[in-house]
Amino acid sequence: MKNPFNPAFGLRPKQFIGRDDITDEFFRSLVNSDNPWRTTLIVGVRGSGKTSILSDIQLRLKETNAIVVTTSPDEDFLNRILGQIYTQLPKSVINKLPKIKNISVSLSVSVGFENSTDNLPFTNTFDYQITQMLQSLKKGKTHVVFLIDESQKHTAEIRTFISTYQQLIMKEFPISLVMAGLPEVISDVLNDDVLTFLRRANRVDLENIDLNLVKADYRNVFRRSGFNACEHLVNDAAEATQGFPYLIQLIGYYLWENLEHQFDGDVLEQSLIESKSRLFKNIHQLVFDSLSNMDRDFIFSMAKDAGHSKIQNILNRLDKNKNYITQYRSRLISKGVIKPSGHGLIAFTFPYMREFLELKRAEIGLW
């Protein structure tokens, strides 16, 4: 049987658990223009399942007549939005519109069309052209859904798109937006004075999956597939994921690959070793690389604690004043690297970060 777990980024895994309520809430908003879920921000750290949620929404939208725009705000962002809408328009509508030729972004955004007979300057703007397309659909009440993944810090293109999106909502076009991004990126976008509209958007901060759901999922998958898996080993495997979505897929994937007939302790141990190796490479190392030297000193200091870390202990170890420590505490929380865990306490957001940092200490000679 094919492995039902998929730790590859960018795809909706077959074993997709703990996020159905988010998708369901969004779909309820499609029939209610006043529902706040029509404009939703999905915020989460690397590996928390942001892209999987967008993939799930996109998959379910195939069963509707909605026009779906899926993209990320990098090169040719606005051009790809127009292009995706254009190619999904009914032929009867396309025949009435000039073909898109190009789009350029400098201090302003302009769109070029082939065989355009209208040379008025305002007709070449992004907002005018997308409005024309949506206006052509309005009679049929076709819903347009924008799924924006890996949102970037505020750029000219993001500002143009969000400002235009706000105007389209005011004109009562049937549109929706789901934008996903890292905590610090979404925070940066929300703090842009031009994009204050998004501060009123529905926000979903992704938490780890309930372990009871993970246990039930693992139990069903392995038993249904005929593996002889005892209850406590399945529970141990589920608990090892700590509910982290990427790790749920990794451990499940390697368990499946390593199993022959018997689900025993050796299989679980080998699967955990392989899962952690990939987790450290694909998540922890990327996070570590994005940090400043002082950020690293802070988390190395935290790694000396077996569990939660006391701010006072961090202060003493780094020999810095309270304001300095508070600044970096806030900075690392905004980046999603650490989280508050009680009065005067902090903890790592990512599972096994302490173990990763111990390996880094040995690698760079810090003891």
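The values are calculated or read from the model by the stated rules, or taken from the named source; none is laboratory data. Keep in mind it's a predicted model, so treat the numbers as computed, not measured. Note that each Cβ is placed from the backbone with ideal geometry, even for glycine, and that neighbours are counted across all protein chains shown. Calculation scope for accessible area: heavy atoms of the full protein, side chains included, ligands and nucleic acids excluded. Shrake-Rupley method; radii C 1.70, N 1.55, O 1.52, S 1.80 Å.
Regarding the range 299-308, can at least one residue be identified that is in contact with a strand residue (DSSP E or B) (Cβ under 6 Å, 6 or more places away or on another chain) and over 22 Å from Val43 (Cβ atoms)?
Checked the range 299-308: at least one residue is in contact with a strand residue (DSSP E or B) (Cβ under 6 Å, 6 or more places away or on another chain) and over 22 Å from Val43 (Cβ atoms).
Check off (1) at pLDDT 85 or above; (2) assigned to a loop (DSSP other than H, G, I, E, B); (3) open to solvent by 20 Å² or more (accessible area, probe 1.4 Å) for Ser48 and give me the number that stays unchecked.
Answer for Ser48: the failing condition is (3).
Out of all the residues in the range 28-35, is one or more touching a strand residue (DSSP E or B) at 6+ places or on another chain (Cβ under 7 Å) and in contact (Cβ under 8 Å) with a residue 12 or more places away in the chain?
As a first pass, look at the range 28-35 and keep what is touching a strand residue (DSSP E or B) at 6+ places or on another chain (Cβ under 7 Å): 29-30.
Applying the additional criterion that residues be in contact (Cβ under 8 Å) with a residue 12 or more places away in the chain yields 29-30.
Within the range 28-35, one or more residues are touching a strand residue (DSSP E or B) at 6+ places or on another chain (Cβ under 7 Å) and in contact (Cβ under 8 Å) with a residue 12 or more places away in the chain.
Output the number of the condition that Phe27 fails; it satisfies all remaining conditions of (1) crowded, with 18+ Cβ neighbours inside 10 Å; (2) among the hydrophobic types (A, V, I, L, M, F, W, C); (3) part of a helix (DSSP H, G or I).
Condition (1) is where Phe27 drops out.
Look at the range 102-127 and say how many of its residues are crowded, with 16+ Cβ neighbours inside 10 Å and either at pLDDT 75 or above or closer than 19 Å to Thr87 by Cβ (or both).
The qualifying residues number 6.
Mind listing whichever residues of the range 310-353 are of a type in the set (D, E, K, R) and open to solvent by less than 50 Å² (accessible area, probe 1.4 Å)?
Lys335
Yes/no matrix, rows are residues, columns are (1) open to solvent by less than 20 Å² (accessible area, probe 1.4 Å); (2) among the hydroxyl-bearing types (Ser, Thr, Tyr); (3) without any contact (Cβ under 8 Å) to a residue 12 or more places away in the chain:
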{"position": "Pro183", "(1), (2), (3)": "no, no, no"}
{"position": "Ile186", "(1), (2), (3)": "yes, no, no"}
{"position": "Asp193", "(1), (2), (3)": "no, no, yes"}
{"position": "His232", "(1), (2), (3)": "no, no, yes"}
{"position": "Asn235", "(1), (2), (3)": "no, no, no"}
{"position": "Gln249", "(1), (2), (3)": "yes, no, no"}
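Quick one: count up the residues across the range 148-176 that are over 13 Å from Leu78 (Cα atoms) and either among the hydrophobic types (A, V, I, L, M, F, W, C) or open to solvent by less than 10 Å² (accessible area, probe 1.4 Å) (or both).
Residues in the range 148-176 being over 13 Å from Leu78 (Cα atoms) and either among the hydrophobic types (A, V, I, L, M, F, W, C) or open to solvent by less than 10 Å² (accessible area, probe 1.4 Å) (or both): 7 in total.
Checking the condition open to solvent by less than 10 Å² (accessible area, probe 1.4 Å), touching a residue at least 12 places away in the same chain (Cβ under 8 Å) and of a type in the set (Ser, Thr, Tyr), which residue from Ser225, Ser290, Ser271 passes?
That would be Ser271, the only listed residue that is open to solvent by less than 10 Å² (accessible area, probe 1.4 Å), touching a residue at least 12 places away in the same chain (Cβ under 8 Å) and of a type in the set (Ser, Thr, Tyr).
Please give the number of the condition Pro351 fails out of (1) modelled with pLDDT under 95; (2) within 18 Å of Asn208 (Cα to Cα).
Only one criterion in (1) modelled with pLDDT under 95; (2) within 18 Å of Asn208 (Cα to Cα) is unmet by Pro351, namely (1).
Between a residue in the range 332-355 that is within 16 Å of Lys281 (Cα to Cα) and any residue that is basic (Lys, Arg), which pairs come within a Cβ distance under 6 Å, given they are 6 or more apart or on different chains?
Qualifying pairs under 6 Å: Tyr352/Lys276.
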